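Q: My questions all concern the structure below.
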Amino acid sequence: MNRRDLLKALAAAPLFGAAGGLLAAPATDAKLLFVFLRGGYDANNLLVPIGSDFYYASRPNIAIPKPGAENGALPLNGDWALHPVLRDTIYPLYTSGDAAFVPFAGTTDLSRSHFETQDSIELGQDLAGRRDFRSGFLNRLAQTLNAKGAIAFTDQLPLIFQGGLQVPNMALRSVGKSGIDARQSQIIAAMYKGTALQGPVSEGFVVRDDVAKGLIGEMTEANRNAISAKGFELEAQRIALLMKDKYNLGFVDVGGWDTHVGQGASTGYLAGRFEELGRGLAAYAQEMGDGWRNTVVVVVSEFGRTFRENGNRGTDHGHGSVFWVLGGSIHGKQVVGQQVAITQANLFQNRDMPVLNEYRAVLGGLLQRTFGLNTAQLERVFAGVKPVDLGLV
């Protein structure tokens, strides 16, 4: 072979990494929207373990009633059911095969800190290694896909999209964003009704305002300026229009999930957030039209909540959570992944749902199937991870 023929052959050949793995960008029309619920949502009242008597004993005031009861959960199988406010939005997607859930999911980060655990998930790096805060896993995925169509629907570029590829961000309207105002102070005060703190809160405006502002302040910090569930509901169609025509990787964060006090059960504060989120996701699916067939939506949070309710009819920072996977081409109508019976003996540290489905392994398997990534390409996104294929794509 002469020099000219050699250069032609090299130019036509795909790129290889140091490990010999194929690094050419896979050809795919798949679209991914990553939805981050900031604040650590109570997954046990979203995906309700109706087969567990321990669940109902642990939550005398905030448990979701069993299917068939008034405001009862929506049955998915013999063990699990869905929060009833999702009857007209997520439940139809599930029954049609366009939604699935992965319980006992999350990171092995044990800090129970909103910020540290959010960072861990967005970076997607080995917790035992040195963190590189300039390298979020969606940026690495975008580079691997050679994706020019990546965008964050956020006020500032989130950590998950930090990296070598320049990714634009677009602020959503401020509707429903967290902030300390009179309306939110009234909501927080109302959350204390019927709890041990109702008396002290009612004693005077000073006490009430101090407590309300403290709780709102923590939730606001945990939200990291994310849009509220109501804001997401209002913006979902606009996000879909942009994703449908211009982008194949998107990220949006939704705040308001840190429910230490008065979270409610079938109705109440948390139910309202689920209802708004469900309407937003359903609107997104509808607006995508034919593009929904090539779309995968992943919904995660930094951690779950304590399994038992606390003294204020809320829940505290926990561990294991539930991931949502939606899309027109997924093999839905499933609750997948490694699972155990929900008993006191199986709680993590006698307080939380355990993490049995590590998030990088779960997402690695999902991304590998969605985008046709080979071993070397997936290694670039999640180094050192053995992907788990849950059969969703």
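Q: Test Arg351 against the criterion of being basic (Lys, Arg), farther than 15 Å from Leu46 by Cα and at pLDDT 95 or above, and give yes or no. Working first, answer last.
A: Working: basic (Lys, Arg): yes; farther than 15 Å from Leu46 by Cα: yes; at pLDDT 95 or above: yes.
Against the criterion (basic (Lys, Arg), farther than 15 Å from Leu46 by Cα and at pLDDT 95 or above), Arg351 qualifies.
Q: Taking only the stretch 367-386 into account, find how many residues are in contact with a helix residue (DSSP H, G or I) (Cβ under 7 Å, 6 or more places away or on another chain) and over 22 Å from Asn248 (Cα atoms). Write out each step before concluding.
A: First pass over the stretch 367-386, keeping only residues in contact with a helix residue (DSSP H, G or I) (Cβ under 7 Å, 6 or more places away or on another chain): 367-368, 373, 377-378, 380-382, 385-386.
Narrowing further to those that are over 22 Å from Asn248 (Cα atoms): 385-386.
So the count comes out to 2.
Q: If I ask for residues that are touching a residue at least 24 places away in the same chain (Cβ under 8 Å) and either loosely packed, with under 15 Cβ neighbours inside 10 Å or not in a loop (DSSP other than H, G, I, E, B) (or both), which ones from the stretch 52-69 would you list? Write out each step before concluding.
A: Start the filter on the stretch 52-69 by keeping residues that are touching a residue at least 24 places away in the same chain (Cβ under 8 Å), which leaves 52, 54-55, 58-65.
Phe54, Tyr55, Ser58, Pro60, Asn61 - these are the residues of the stretch 52-69 that are touching a residue at least 24 places away in the same chain (Cβ under 8 Å) and either loosely packed, with under 15 Cβ neighbours inside 10 Å or not in a loop (DSSP other than H, G, I, E, B) (or both).
Q: Something else about it: State yes or no: is Gly332 within 21 Å of Asp29 (Cβ to Cβ) and in a loop (DSSP other than H, G, I, E, B)? So that I can check it myself, show each step before the final result.
A: Numbers: within 21 Å of Asp29 (Cβ to Cβ): yes; in a loop (DSSP other than H, G, I, E, B): yes.
Yes, satisfied.
Q: Kindly indicate which of Ala361, Ala341 is assigned to a loop (DSSP other than H, G, I, E, B) and either surrounded by fewer than 19 Cβ atoms within 10 Å (Cβ to Cβ) or touching a Cys at 6+ places or on another chain (Cβ under 7 Å) (or both). So that I can check it myself, show each step before the final result.
A: Values: Ala361 fails: assigned to a loop (DSSP other than H, G, I, E, B).
Selected residue: Ala341, the only one of Ala361, Ala341 that is assigned to a loop (DSSP other than H, G, I, E, B) and either surrounded by fewer than 19 Cβ atoms within 10 Å (Cβ to Cβ) or touching a Cys at 6+ places or on another chain (Cβ under 7 Å) (or both).
Q: For Ile121, indicate whether it is modelled with pLDDT of 95 or more, outside the structural domain of Arg273 (by TED's automatic domain parsing) and touching a Pro at 6+ places or on another chain (Cβ under 6 Å). Outline the logic, then answer.
A: Values: modelled with pLDDT of 95 or more: yes; outside the structural domain of Arg273 (by TED's automatic domain parsing): yes; touching a Pro at 6+ places or on another chain (Cβ under 6 Å): no.
It is false that Ile121 is modelled with pLDDT of 95 or more, outside the structural domain of Arg273 (by TED's automatic domain parsing) and touching a Pro at 6+ places or on another chain (Cβ under 6 Å).
Q: Which condition breaks for His319 when tested against (1) touching a Phe, Trp or Tyr at 6+ places or on another chain (Cβ under 6 Å); (2) in a strand (DSSP E or B)?
A: Answer for His319: the failing condition is (2).
The values are calculated or read from the model by the stated rules, or taken from the named source; none is laboratory data. These figures come from a predicted structure and were not determined experimentally. So basically every Cβ, Gly included, is an ideal-geometry build from the backbone, and we count neighbours across all protein chains shown.
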